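Note sheet for the following structure.
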Amino acid sequence: MHFPISMAVPARFIGPPPAACDVVVIGGGVIGVMSAWYLAERGLSVTLCEKGRIAGEQSSRNWGWIRQQGRDPAELPIMVESLRLWRGLSESLRNPFGFRQAGVLYLANREESLAAYDAWLPHAQEHGLDTRLLGRRDLGDKLGAAADHWLGGLFTPSDGQAEPWLAVPALSLAAAERGVTLVEDCAVRALDIAGGRVAGVVTERGRIACSDVVLAGGAWSSLFARAYGVILPQLSVLASVARTEPMPEILPGAAADDDFAIRRNDSGGYTIAGGSEHDFFIGPDAFRHALKYRRAVKKDFLNTHYHWAAPRDYPDAWNTPRTWSASMPTPFERVRMLNPQPNLATLARAQTAFARAFPDLGRPKVQATWAGMIDTMPDVVPVIDRAPSIPGLTIATGMSGHGFGIGPGVGRVVADLVTGGTIGHDLTRFRLSRFTDGSEIILGPSL
């Protein structure tokens, strides 16, 4: 089975792009689409340029979790807002993407995990979440005899989920109905800078004059920003996912432990992934930013499978140009959509772990597998900031695997960053300068 979104699927948004608008958004993932949505809501003319297909990369390839649980304390207020926005979006659009609040359950294989769950509870209490710590008896009420496999858990009943390959395309169609101009097959090659500030962008289909640009390019953001001296210490990791055949329901929502993660999907099966496992391709940026990632590497070393080179023309591949001419095809046109091969061994281990935890069900049968490239940062929280060296450029990237759920909230925040509106949240932790002002890199909880 091919992934539902591919370059073989005809573009829905064919353009042409306008000659001018107020804001250009670079990138058609959930952050870009929702930023465009709220910018248009504030009365601005907005053009979203996507080099391939809307939601073709990580925004459609993730686990589909919309979780508050386990968030970095600085992300949590935006996530609480985002969950409220998801509810409103599902109601106003008649829920074409399967949004529901069926809960997220973390399962502890080790005492250290239980201690980490307990340490996170004060953040939940501060924001009025319905999160609670579960013992084995509580787990038994949810999982029956399988509960003996774990020491306990952390559960947030109000956490949600949706089908990501349905959600972001549906949101993009609704954004178009609200006045956003979306154009696929339209890579932004360069910023047009005049008098030291943004005056427009140069796309493969011509120049668009504008006063503001939002860079929401996911795994491609660092490559684009570096061309203008804006250093984003962003790297990408590969996450593998599978979809099972229909099977009996264990939980209506989502759950994860150290070895596997599951979410009940819209076809009566489960989305299953390898828990904490991921793959990393070593490239020039890996060496360039190595010191900033030393704590993250130490924490995740045993869960990471290292490879000496990325596929050809990927953002941090050895052959990918770091400079280019706006008059010629750029790296963003060489690879319209990141479609990496999943790590089948990782997925096989997840299937085995599932069968060990639920012996009555056994090894789940897989219908489809895929992988995505997650844009991550050294401290596992994003950059949401205006670029101080380039007036008119706002950056929203490095969501670190948390972007799908928090997307609507970040989009609203970005719109108010651009327009000078009321942010409503403390963005200090997400500032770009934290990587250059001598600040200590503090890892998020990554629960």
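The values are calculated or read from the model by the stated rules, or taken from the named source; none is laboratory data. Keep in mind the model is a prediction, meaning the values are calculated, not measured. Note that each Cβ is placed from the backbone with ideal geometry, even for glycine, and that neighbours are counted across all protein chains shown. Each accessible area value is taken on the protein alone, full model and side chains, heavy atoms only, with ligands, DNA and RNA left out. Shrake-Rupley method; radii C 1.70, N 1.55, O 1.52, S 1.80 Å.
The table below gives the values:
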{"quantity": "With all protein chains modelled, accessible area of Ile231 [1.4 Å, Å²]", "calculated": "80 Å²"}
{"quantity": "Simple label model, 7 Å out from Cα along Cβ direction - Met328 to Gln125, nm", "calculated": "6.2 nm"}
{"quantity": "Whole-angstrom gap from the range 160-209 to the range 239-302, using each part's C-alpha centre", "calculated": "28 Å"}
{"quantity": "Against the rule of thumb 2.2 N^0.38 Å, how large the Cα Rg of the range 202-276 comes out", "calculated": "1.75"}
{"quantity": "Degrees, to the nearest 10: 403-419 long Cα axis against longest axis of the chain", "calculated": "30 degrees"}
{"quantity": "Surface/4 estimate of mean projected area, convex hull on alpha-carbon atoms of the range 1-82, nm²", "calculated": "7.2 nm²"}
{"quantity": "Whole-number accessible area per residue in Å² for the chain, which is evaluated in the context of all protein chains at 1.4 Å", "calculated": "39 Å²"}
{"quantity": "Accessible area of the range 80-139 belonging to carbon and sulfur atoms, whole % at 1.4 Å probe", "calculated": "46 percent"}
{"quantity": "Net +/- balance of residues flanking Asp385 in space, Cβ distance below 10 Å, scoring K and R +1, D and E -1", "calculated": "+3"}
{"quantity": "The range 343-405 and the range 58-98: distance between their alpha carbon centers, rounded to Å", "calculated": "15 Å"}
{"quantity": "Sum of side-chain charges, Gly269 neighbourhood, beta-carbon under 15 Å (Lys, Arg +1; Asp, Glu -1)", "calculated": "+1"}
{"quantity": "Compactness relative to 2.2 N^0.38 Å, alpha carbon Rg of the range 108-218", "calculated": "1.81"}
{"quantity": "The range 240-309 - convex hull of alpha carbons, volume per residue in Å³", "calculated": "112 Å³"}
{"quantity": "Solvent-accessible surface ranking, highest first, for Ile272, Ile423 at 1.4 angstrom", "calculated": "Ile423, Ile272"}
{"quantity": "Estimated translational D of the chain in µm²/s (Stokes, Kirkwood radius over Cα pairs; 37 °C; 0.692 mPa s)", "calculated": "149 µm²/s"}
{"quantity": "Cut-off 15 Å between beta-carbons: net charge of the residues surrounding Val410, Lys and Arg +1, Asp and Glu -1", "calculated": "-1"}
{"quantity": "Solvent exposure, largest accessible area first (probe 1.4 Å, DNA, RNA and ligands not counted), of Lys298, Lys292", "calculated": "Lys298, Lys292"}
{"quantity": "Ser6 paired with Ser433, simple spin-label distance in nm, labels 7 Å along Cα-to-beta-carbon", "calculated": "4.7 nm"}
{"quantity": "Rounded FRET efficiency, nearest 0.05, which uses the C-beta distance separating Glu112 from Ile231 and R0 of 30 Å", "calculated": "0.30"}
{"quantity": "Overall dimensions of the range 326-447 by Cα: Rg and Dmax, Å", "calculated": "19.7, 61"}
{"quantity": "Globularity index of the range 297-337, i.e. its alpha-carbon radius of gyration over 2.2 N^0.38 Å", "calculated": "1.58"}
{"quantity": "Pairwise label distance in nanometres, Arg84 with Asp148, each label 7 Å out on the Cα-Cβ vector", "calculated": "4.5 nm"}
